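The values are calculated or read from the model by the stated rules, or taken from the named source; none is laboratory data. Everything quoted here is computed from the prediction, not taken from an experiment. Using ideal geometry, Cβ is built from the backbone for each residue, glycine included, and neighbour counts are taken over all protein chains shown.
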């Protein structure tokens, strides 16, 4: 994907879209490890939010 593919996407200010040419192999591997960890955190948060939404929908359905 080109950077143009991300136009309009909310970009974090933590350097997620850094220029990778300047990174060493070790730095890239560490970056991948960190990003994989962040993916897990995001998936866990999605699961938590979906559960909260389901609970709220159930509560208001029976209220």
Cβ contacts < 9 Å: first residue surrounded by 10 or more Cβ atoms within 10 Å (Cβ to Cβ), restricted to region 12-26; second residue modelled with pLDDT under 90 and part of a helix (DSSP H, G or I), any location; separation 6+ or different chain. Result? 17/3; 17/6
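So that you can scan it fast, the table gives a plain yes or no per residue for (1) modelled with pLDDT of 80 or more; (2) part of a loop (DSSP other than H, G, I, E, B):
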| position | (1), (2) |
| --- | --- |
| 5 | no, no |
| 17 | yes, yes |
| 26 | yes, no |
| 34 | yes, no |
| 41 | yes, no |
| 56 | yes, no |
| 60 | yes, no |
